[in-house]
1. So which residue, out of B:Ile199, B:Ile49, B:Ile19, gets the largest mean-square fluctuation from a GNM of chain B using Cα contacts under 10 Å as springs?
2. So what is the calculated 222 nm ellipticity per residue for chain B, using -39500 (n - 2.57) for each DSSP H run with n of 4 or more, over all residues, to the nearest 500 deg cm²/dmol?
3. Greater than 18 Å separation of Cα atoms is the criterion. Which listed pairs, B:Lys143/B:Lys171; A:Lys194/A:Lys452; A:Lys17/A:Lys194; B:Lys107/B:Lys202, meet it?
4. Tell me the Rg and the Dmax, in Å, that the Cα atoms of segment A:349-464 produce.
5. What's the long-distance tail for segment A:2-126, i.e. % of Cα pairs beyond 27 Å?
6. Calculate one ³J(HN,Hα) per residue across segment A:391-397 by plugging θ = phi - 60° into the Karplus curve 6.51 cos²θ - 1.76 cosθ + 1.60, and present them in order as whole Hz with x for glycine and proline.
7. With a 1.4 Å probe on protein heavy atoms only, tell me which residues of segment B:29-52 lose at least 30 Å² of accessible surface in the complex relative to the chain by itself.
8. Pop out the carbon and sulfur fraction of the accessible area of segment A:242-391 as a percent, whole number, probe 1.4 Å.
Amino acid sequence: MANKIPRVPVREQDPNKRKTNFEEVCFGYNTEEASLEATRCIQCKKPRCVDACPVSINIPKFINAVSEGNHADAARIIAEDSSLPAVCGRVCPQESQCEGSCILGVKGEPVSIGKLERFVADYSRDHNVDLGKPGPRNGYKVAIVGSGPAGLSCANDLAKMGYFVKIFEALHKPGGVLEYGIPEFRLPKERVVKHEIDNLRKLGVEIETDVVIGRTITIDQLLNQEGFHAVFLGSGAGLPKFMHIPGENLNGVVSANEFLTRNNLMKAFDTTYDTPIYIGKRVAVVGGGNVAIDAARTAIRLGSDVSLIYRRSEKELPARVEEVHHAKQEGLEFHMLTNPIEILGTDTGWVKSIRCLKMELGEPDKSGRRSPVEIPNSEFNIEVDVVIMSLGTSPNPLIASTTPGLEVNKWKCIVADDQGQTKREGVFAGGDAVTGAATVILAMGAGRKAAKAIDTYVTKKFKK
Amino acid sequence: MFKIVSKRLLAPHIYLMDIEAPRVAKAALPGQFVIVRVHEKGERIPLTIADYNAEAGTVTIVTQTVGASTRLICAKEEGEFLLDFVGPLGMPSELVNETDEQLRARKILFIAGGVGTAPVYPQVKYLHGRGVKVDVIIGAKGKDALIFQDEMKSVANEVFVATDDGSVGFKGLVTDLLKDLVQNRGKQYDLVVTIGPMIMMKFVAALTRELNIHTIASLNTLMVDGTGMCGACRVSIGNEIKFTCVDGPEFDAHLVNFDEAMRRQNMYRTIEGVKDKELEEKDHKCKIGRDGK
Ligand SMILES: Cc1cc2nc3c(=O)[nH]c(=O)nc-3n(C[C@H](O)[C@H](O)[C@H](O)COP(=O)(O)OP(=O)(O)OC[C@H]3O[C@@H](n4cnc5c(N)ncnc54)[C@H](O)[C@@H]3O)c2cc1C
Ligand SMILES: Cc1cc2nc3c(=O)[nH]c(=O)nc-3n(C[C@H](O)[C@H](O)[C@H](O)COP(=O)(O)OP(=O)(O)OC[C@H]3O[C@@H](n4cnc5c(N)ncnc54)[C@H](O)[C@@H]3O)c2cc1C
Ligand code: SF4
Ligand code: SF4
Ligand code: FES
């Protein structure tokens, strides 16, 4: 099934210009572009795109509204299933979800669903579209731990059902990874993230920052002393892994989380902030996920020459295709099939170079990916003065270790069923805290499912 | 926003503040710390909890001005607010897990240095509350830099003072004093807890290893989030990498790689130095050495 109109390209900031600033890379569609792209959707009777969206947005319906110029309607259609469309339209791995399944993609290019969703969400924000009011208060209280996408979407749904919802956040600003991890040039903080959070506040959701659950107050205290009827854990997977190779504690070796947090949450790139950041002349980023690419592109913008070191080949890079493409345009150097074995330092303990081995791809492993095998005697050094480790993260043990009855698996992920019910009555969980590091939209989906389960639980247990 | 309910100068460049933070006050235990942010564009600064009062809902912090951010904290006055005050962070002192009998059977010595004297106080006070009397060595540059001496005396068994210039107490380093106590004055200890500048703790650890006394040190590494999310605070403890903010801040001093920890503390020094100089030129205050003794 072909389509005569080619996919409408999206305007982007020029690579040479954008690699020196933190403005958004992608400008998004304007009204004309969006209308034209919307007409490409053939309005499938059995839309494969919807099945591939983890929150099942009614994609043909909202796209149809866009093609008819009813942008506010489009926004309300999306709002039925998603509370963070301006975020997902920007950062969802669309190529492997909605767009990856679009029927047009079989022979040509899929509909640009993400960019359309972003357009609608931005329109809705700029035009103050009314997306619904909270239900009448039902008198029940739910505490939410963590203000990332999982917590935010759970809060959104519960507030709309009439619950009093309070979010507790450890950091000084809400948003989770949206605020501290994903860089400004992919996801603007003031314009997009803060706006989404303000919307939640308008629904009556309260957010208390500077509260570390498990330290400042425990889950048991929330349930037994502060009168919450249920708790949702959306505490993410923030604990960074290291490689445990020699030299990893040299000055100049940082985790991607530290580097990104200094720059995003703490705005080190903005000289009016007090936050220090160590900027290398030559930087090596180790890893290949979204986080690695984000760290690399941030370092480029801070003025460094950056190499990405990844032990498999480019095809296996877990990062989004679009971001890898953008990173290349910005001058990121790729060292694929390369694995660090040691970081070498100067006499005074600062990073001097990173020693690596060449790899080749062997047999596919359990995950189906071909696993990298070392090539003997292939050591070589890359001269760098900063190494950013981006090897993945795992859930923080803080909550599990202070909540009796809560179970975790061997990856420290909280054990919860499909609806988010943990092993502890009244305690629900979802997002990265349960799955390990995943995606925004999966975390959102989990938050929404848990909201339903919480409603069922509270209704059964407390309502007469 | 967290209100500063009182503030006083303890010694040159060292201020004590009581902060209204009911949740933290209620949960705090000896050995834990908080992270403070003064203004919207400010850094997150870790400070040890120097005292807490659950009834009054207040937490005491003692801050020494060493750089730009600690100066900002100290510039705040009574009645004003700190923007963020999060805690209690870190693991409480291991001593809180012991029974009264176990504690009373121990011979404990605290060795405090400079501003580190403040965080020693809640631990000594806590143990006093459980009927355990401990000895304390306070090290300071000189008479003027000595803090918490009277408070400490009211809760400790014996308080010994060592000053660099001999203006009060023993003339010399805390390590010289410890040697003197053990070798010449018949004192015996089976546990030393040391809090102070990294370099002091390093030498305390070296000496107590020789003397065969188990020793705990409270590390003041660089930190960002304080919740285990960034790894900026990582230290080598034996063969393991630990995060000071969640696994610590107290560790077995004989396993700490102090040289690495001190080097890592300086990671942002040059950058901070520039910023600090700018500020200093603005308000003409002199900067006290970080080694605090
Ligand atoms: C740099 C980076 C880039 C990414 N890029 C993409 C992308 O392009 N597309 C995509 O789909 N996904 C991306 N991801 C992944 C995505 O951001 C996460 O999967 C998603 O944010 C998980 O949401 P969450 O709500 O489960 O947790 P988080 O977003 O991690 O939020 C958890 C929140 O809980 C708080 N918290 C933790 N413990 C406590 C506690 N004890 N008490 C109180 N609060 C607590 C944390 O401070 C945090 O704010 C990226 C992640 C990173 C780090
Ligand atoms: C768990 C913990 C508890 C602490 N408790 C206290 C306390 O109770 N009272 C107190 O006054 N300070 C305490 N500190 C130290 C305090 O956090 C630092 O002095 C502060 O971060 C310095 O910030 P600044 O911007 O003023 O100085 P900066 O401009 O950052 O630094 C000035 C100088 O101090 C050095 N420095 C930076 N950070 C530290 C550090 N963490 N420790 C030692 N030197 C450092 C720098 O190398 C530089 O030379 C604690 C630190 C930790 C990690
Ligand atoms: S939420 Fe993500 S997967 Fe769903 S339609 Fe939007 S971009 Fe596609
Ligand atoms: S699969 Fe593609 S063409 Fe079909 S409804 Fe979805 S977006 Fe439209
Ligand atoms: S301060 Fe970030 S992990 Fe300890």
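The values are calculated or read from the model by the stated rules, or taken from the named source; none is laboratory data. Small disclaimer: the values here were computed from a predicted structure and weren't measured. Quick reminder, even Gly has a Cβ in these numbers, built from the backbone with ideal geometry, and neighbours come from all protein chains shown. In case anyone asks, the SASA skips ligands and DNA or RNA and just uses the protein heavy atoms, side chains included. Shrake-Rupley method; radii C 1.70, N 1.55, O 1.52, S 1.80 Å.
1. It is B:Ile199.
2. Using -39500 (n - 2.57) per qualifying helix, the result is -9000 deg cm²/dmol.
3. A:Lys194/A:Lys452; A:Lys17/A:Lys194; B:Lys107/B:Lys202
4. 21.4, 73
5. Result for the distance tail: 13 percent.
6. Here the 3J(HN,Hα) series is 10, x, 9, 9, x, 6, x Hz.
7. B:Arg37, B:Glu40, B:Lys41, B:Glu43, B:Arg44
8. About 50 percent, which is the carbon plus sulfur part of the accessible surface.
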